[in-house]
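We did not get these values from a lab; they are worked out from the coordinates using the rules stated. Values in this document were obtained by computation on a predicted structure and should not be read as measured data. All Cβ positions, glycine included, derive from the backbone under ideal geometry; neighbour counts span all protein chains shown.
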Amino acid sequence: MARELWEDSLSVGVGLIDEQHKMLLSRLAELSDAVSQRQGSGQIVGTLSFLSEYVDFHFSTEERHMTANDYPKYDDHRAAHEQFKKTLRRLSEDFEEEGATTGLADSINTLLINWFLKHIQQVDQELGKFFRKKGVEVT
């Protein structure tokens, strides 16, 4: 079982966004564990594929509501999302070329998990505050 990365302090106070964050953190932890334990490539590829699709889904959810509500920091927030997606693609390519290596496990922890936690704690907290203040329902 993957370690639990979610903590209540990460909540942005917007139910759907929090639920999507929980799912992403759970899958990132699964990926990290699978790579560090050098589990079968099928599981790792499956988790990478899920993450790629779910990250697109989650980010588009946030971005759709940001544009609909004239979020003033939309451009910066979207640029951060694009950076994360680019990093995820690069790490997927690294896995395809090199397999489950210690370096890849370290990169997943540093470049994906730590980035995403920091993003939630700073950027998404601010977004959540904006949504709550405006009474935005994220569906």
- Label Asp70 and Gln37 with points 7 Å out from Cα along Cα→Cβ: what is the distance between them in nm? 5.1 nm
- Message: Can you tally the lysine pairs in the chain where the Cα-Cα distance is under 23 Å and the two residues are eight or more apart, or on different chains?
- Response: 15
- Taking H as built 1.01 Å from N, whose amide H comes closer than 5 Å to the amide H of Val12, not counting residues under 5 places away? Asp18
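Multiply the residue separation of Glu82 and Glu137 by 0.36 nm, subtract the distance between their alpha-carbon atoms, and state the gained length in nm to one decimal.
Details: separation 55, 0.36 × 55 = 19.80 nm, distance 2.41 nm.
The span from Glu82 to Glu137 would gain 17.4 nm if fully extended.
Given contacts defined as C-alpha pairs under 8 Å and at least six residues apart, what's the relative contact order of the chain, whole-number percent? Walk me through the numbers before you get to the answer.
Numbers: 109 pairs, mean separation 54.0, N = 139.
That works out to 39 percent.
Using +1 on the beta carbon of Lys and Arg, -1 on that of Asp and Glu, and nothing else charged, what's the dipole of the chain about the Cα centre, debye to 20? Could the numbers behind the result be given before it?
On the way: 16 positive and 24 negative charges, 65 e Å.
Once rounded to the nearest 20, the dipole reads 320 debye.
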- Note on the structure: To the nearest 0.05, the calculated FRET efficiency linking Val45 and Glu4 through their beta-carbon distance, R0 being 22 Å, is 0.40
- Residue span Phe57 to Glu19: 0.36 nm per residue of separation minus Cα-Cα distance leaves a gain in nm of 12.4 nm
